[in-house]
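What follows is a short report on a single structure.
The values are calculated or read from the model by the stated rules, or taken from the named source; none is laboratory data. What you see is a predicted model, and the numbers here were worked out from it, not measured in a lab. Note that each Cβ is placed from the backbone with ideal geometry, even for glycine, and that neighbours are counted across all protein chains shown. Note: accessible area is taken over every heavy atom of the protein model, side chains too, but ligands, DNA and RNA are not part of it. Shrake-Rupley method; radii C 1.70, N 1.55, O 1.52, S 1.80 Å.
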Protein chains: 2
Amino acid sequence: MLDCAARRFLRRVAAQTGIPLLDDRSATSPATLTLTCRRSGDLLKLDTVEESYTLRVTGQSATLDAPTTVGVLRGMETFLQMIELGPSGFRVPAATVADAPRFPWRGLMLDVSRHFMPLPVLRRNIDAMAAAKFNVLHLHLSDDQGFRIESKVFPKLHQMGSDGQFYTQDQMRGLIAYARDRGLRIVPEFDVPGHTTAWFAGHPELASQPGPYKIERGVGVFDPAIDPTREESYAFLERLFTEMAGLFPDPYFHIGGDEVNGKDWNRSERIQKFIAARGLKNNQDLEAWFSSRMVEIVTKQQKIAVGWDEILQPGLPTGAVIQSWRGAKSLAEAARQGHHVLLSSGYYLDLMLPASTHYAADPQSGEAAALKPAEAARILGGEACMWTEWASPENLDMRLWPRAAAIAERLWSPAQGRDVNRFYDRLDAFSRHLERAGSTHRVAPRRMRERLAGGVDAPALNTLADVVEPVKNYRRGSLQVYRSDLPLNRLVDSVPPESDSARRFSADVDRALAAGAQAPEWASIRARLTAWRDNHTALKPLIARSGLLTEIGPVSEALEEISAIALQAVEYHTAKAKPPAGWAALQAGKLANPGYAPLKPDIFVYCVELQKRHNSTDAGARKICTIPAAAGGVLIAVAPPIRKLVETTKK
Amino acid sequence: MLDCAARRFLRRVAAQTGIPLLDDRSATSPATLTLTCRRSGDLLKLDTVEESYTLRVTGQSATLDAPTTVGVLRGMETFLQMIELGPSGFRVPAATVADAPRFPWRGLMLDVSRHFMPLPVLRRNIDAMAAAKFNVLHLHLSDDQGFRIESKVFPKLHQMGSDGQFYTQDQMRGLIAYARDRGLRIVPEFDVPGHTTAWFAGHPELASQPGPYKIERGVGVFDPAIDPTREESYAFLERLFTEMAGLFPDPYFHIGGDEVNGKDWNRSERIQKFIAARGLKNNQDLEAWFSSRMVEIVTKQQKIAVGWDEILQPGLPTGAVIQSWRGAKSLAEAARQGHHVLLSSGYYLDLMLPASTHYAADPQSGEAAALKPAEAARILGGEACMWTEWASPENLDMRLWPRAAAIAERLWSPAQGRDVNRFYDRLDAFSRHLERAGSTHRVAPRRMRERLAGGVDAPALNTLADVVEPVKNYRRGSLQVYRSDLPLNRLVDSVPPESDSARRFSADVDRALAAGAQAPEWASIRARLTAWRDNHTALKPLIARSGLLTEIGPVSEALEEISAIALQAVEYHTAKAKPPAGWAALQAGKLANPGYAPLKPDIFVYCVELQKRHNSTDAGARKICTIPAAAGGVLIAVAPPIRKLVETTKK
């Protein structure tokens, strides 16, 4: 492994610097970087694998020492990040880095069911994950919209449940090896008993209702669920899990268990009779019973079961790992009950929240901060989650990166790191590094916008795109009727979740307001506002020609309008003048218009629809989601600092 | 084949539009595009393969008819180019296209010896070639700097002659299949008897001098050559060519034959005795004799030999195909003597000439225009040539594209097409299309410049880069000592051979000068000149920080200086004023400085060094190459229109 890793490392140094480096073992000149490690690390042994390393760079030499090969991999990633260009060429600053991860489980859950992600997409993102020192790729392999892995035992699962879009077992073995070479485990998830419509396309006999079933094209929580009262269901699942436990070498096996609405169980007389006969109280009890059976099956395969936090019910064997997604409270509860736990609440990348939100979420904060040491020790780490209703192979990378790196850093680095400004500086540099590692997150927007513009350069489209963001949380699903085969080729699909331009503008506005009329920032604030105000005139003809841009006409016009208001506000600030009576109130009213105002981070957590549906116990989730409807599914991200400019004019 | 092609086509339509298209054979809705073809076309039978197709798009339906599967592939490429975005979405304009190629051999010669090109690089460029309707990839597999294909018969060839950078036979079979699926043949070249230093690293016994030899790191025409007097040489070559003829299914087999300087033959008493004993006159006769033996060996394998035009000597069997690179004259001569011929003179992409130069070169122009019909019928077509002394896997695509498309169009489309302005409009759109097909030529410059800037956005670097071009012809080799392992990470490596900004600026200057003081172009000319003049101030701090940019300081300063001169000239033009006496002459003098002035196309053909070396018979080649030394290996491409602005001020 180390040999391959060293060759890959050489290739990456060469690519990064443009200096060809031949793999020349016969060279007599002393090595530039000496690698040493004491043993090969077995990634799959979570208890004993060591990922620590020490990197020493002096004026004379560089050494990378690690107890295991895995540590060497991590240290190589650090070394690659340290290469910089100076006045006399490339260099690595002299430094000693003694580094080790805070948590042993640093994962990314990727949903390949809602949108199938071809192998090259997975490979390039595994490369990016390795650069960010993630160590687990959790593949959500089945859901209502698709069963994505070949089963030789039950071939109808993938044949009838995937539209032909699945990984063969050979491909998956290749991918597992690819990930292992880069220090990543692959954890498979088969989500049961709900989220199983695609299974029933080929195997309706598993379902609680007679069917027939076809692959689900919509999105949400659907009624179909496995019939937990028939022993044939368990026999089927045991055969399938036995097959899959053989395919996936990882000691962990994810059984899902989330979002069972119970409706199809309610509709079945047999199931309701079964509940009564067993002395169970309700569907929830039935689900708990089902989960325990699943854990049993997984345990028989010498694997450790992982499930979403719904499986945490009385009677669940403590050997099962709980992945907490509905809030930090369930994480603490599970840890207190003796379960190993993973945090995913706060790490949902598909909610389109800023990187700082994810950076702030810590597995040991909130209720978890009050855990006793023995309980806290059960926190294995966490996982970023990427559900792909609104992500395609084309824009997945920009939905993941660079924000996922915030979570990777939170899970690797000491808990103390909190400075958001310095974090964003690092993130900016790391985003470029991720592109070198293979991610397409920076090139995809440009290509998608070229398509939107009908194949011409359209600086005005970029100007607009740079200051808008997709609507947050699950709001987009309520703006249009979803189908899994909808084209994701709109402006909203081409803009990053977080606008760098808006973040910088906002910071400049804060600085200018703090410093007063003479602040040096006013000139560039004015210049930006002028460009935004004048942009609609340049963009209008393009909008008229492109059917894909029609919907953003109002957004473009709105940017013109609010930038003009802001320019007036800037005049009042710089002239230290008082606006006419009522001016600020009038403008603030306009700025409250739909589409102008992204929510603040503290109520960015869940929509009320989601809260109702899941009966979440988190305080954050109870706050009502009031994101206004936004044209084209986008929000103007510079609206909040503009509102601030207006509201702070002299009264 | 058609089935795979149809699936690939669907994927590309989906990628181009962002509309997911499932491969649904069971769909009952009528097909959007109906494909028909009468038989599968065998690409390898040059005489009978038909590439024609008819594409009919109406308001109701689209049909693509072709006699062969190869024609269907070509028609699909046209259809993909026709997809456009209109006010109500994507569409294909109603039209009937009845299309067929002018020449059956439309190739690209790629040198994988000077710089090894990994398989992904070849694959993505095969995709781009297919988009441009090329049908031959000619791989220059061996040269002084590397022997790039695995030989099982003589493994020391690739083991000792490639630095570990070679294609295995399995990989090559895969690549041949990949190319065939896209309608491209792969023609292998083993260049003998010169350009063989890398062979001798493992097999010094083949050489004319005792050696020892090692892989050549320099570039040029070297002395080592196969010993043509020993029968063992022929036995070796026959065994090797037999092996390679089995690996490469193409009926054509390229034996090179170029640039033998004869020095090592002169130094060998045995060889000179052999010449005398055989009644040969000189080395050239010996070379002719060697070529005939090579043709014989190739013919025994049921293959047709191809060679560079040096092999055209009395006694060469007419079955051999001549690839003319030293000028159109040799093409006509070979055709008259009964050889099939390929034009490559005028198609050397590594000379960094503008696309229009290549577009102007026609296989039936010059002396070839005077050929009798039976002779002219021997012109099979032509090949773009890409020698890779100065191209790496990172920037190869931008050295090839979009300029190679000019040659593809010249070889496919009717000879009448000559309008350069309309050609550039098409090329601009096609360049974007090539990126969608997989070429990295548009993204590579951005990434390379980010590296040059040390990982930050550097608009000022882009402003400079957009108006410079690499020095032309083989001038770069005389500006620095070449080694094949030189880093190709300088600004010159990141700029396209042809500056679009300069071309557009030049056209605007011409229009403005023609229209006079009131021309609407003056405003934007002034704006561009102002940006260029002010750019150095912005770029200076970056240059100070980046060791890779030091060398372009003078270029950046020069742009400032000449833009200031041009702005003065613009003032005189728009004010209809006369500059002070001597002003124009003074400025024109400055503008004659090294680095400001790319040569005009008509003397862009060859450097005098090259001409001397090859004893070329072309008039163009005799012109003396007087390109001035340029800082950083780049020329300021806006210097010529700026000079025009100065020279046209009132006298």
On the formula 1/(1 + (r/R0)^6), with r taken between the Cβ atoms of A:Val153 and A:Leu119 and R0 of 22 Å, the FRET efficiency rounded to 0.05 is 0.45
Straight-line reach check, B:Lys45, cutoff 14 Å on alpha carbons, 8 or more apart in-chain or any other chain, hits among aspartates and glutamates -> B:Asp250
In chain A, helical segments from DSSP H whose Cα atoms cover 30 Å or more along their own axis and that average at least -0.5 on the Kyte-Doolittle scale are A:521-545, A:553-574
Ranking B:Phe79, B:Leu108, B:Leu55 by how far each Cα lies towards the positive end of the charge dipole of region B:1-134 (+1 on Lys and Arg Cβ, -1 on Asp and Glu Cβ), the top one is B:Leu108
Quick calc, region B:212-348, dipole around Cα centre from Cβ unit charges on Lys, Arg (+) and Asp, Glu (-), nearest 20 debye, gives 180 debye
Toy charge model, Lys and Arg Cβ at +1, Asp and Glu Cβ at -1: the protein assembly as shown dipole around Cα centroid in debye, rounded to 20, equals 2040 debye
Partner aspartates and glutamates whose C-alpha sits under 15 Å from that of A:Lys578, ignoring same-chain residues fewer than 8 away, are A:Glu647
Surrounding charge for B:Asp309, neighbours by C-beta under 9 angstrom, Lys/Arg +1, Asp/Glu -1, total -2
If labels are modelled 7 Å from Cα along the Cβ direction, B:Glu259 lies from its partners in the other copies at nm distances, smallest first, of 6.3
Beyond 20 Å (Cα-Cα) in this structure, taken from B:Lys214/B:Lys263; B:Lys300/B:Lys329; B:Lys263/B:Lys472; B:Lys576/B:Lys644, we find B:Lys300/B:Lys329; B:Lys263/B:Lys472
Inter-copy distances for B:Tyr178, nm, shortest first, label points 7 Å along Cα→Cβ, are 1.4
Quick calc of log₁₀ I(q)/I(0), region A:483-593, Debye, one scatterer on every Cα, no solvent, q values 0.10, 0.17 1/Å, result -0.39, -0.96
Magnitude of the Cβ-charge dipole (Lys and Arg +1, Asp and Glu -1) of region A:501-561 about the Cα centre, nearest 20 debye, reported as 180 debye
Given the candidates B:Ala453, B:Asn421, B:His433, the one whose Cα lies deepest towards the positive end of the charge dipole of region B:389-454, counting +1 at each Lys or Arg C-beta and -1 at each Asp or Glu C-beta, is B:Ala453
Sorting from shortest, the nanometre distances separating the label point of B:Gly279 (7 Å past Cα along the line to Cβ) from those of the same residue in the other copies are 11.5
Probe 1.4 Å, heavy atoms of protein chains only: per residue, the accessible area of the protein assembly as shown in Å² is 38 Å²
Given a Förster distance of 45 Å, the FRET efficiency implied by the Cβ-Cβ spacing of B:Ala100 and B:Ala538, rounded to the nearest 0.05, works out to 0.30
One residue of chain B has its C-beta nearest the axis rotating B onto A; that residue and its distance in whole Å are B:Val443, 3
For region A:123-168, one quarter of the surface area of the C-alpha convex hull, expressed in nm², comes to 3.9 nm²
Summing -39500 (n - 2.57) over every DSSP H run of at least 4 in the protein assembly as shown, dividing by its residue total and rounding to the nearest 500, the 222 nm mean residue ellipticity is -13000 deg cm²/dmol
Per its Cα gyration tensor (rounded if a/c is under 1.5, else prolate when a/b beats b/c, else oblate), region A:333-399 is best filed as prolate
The percentage of Cα-Cα pairs in region A:275-346 separated by more than 16 Å is 48 percent
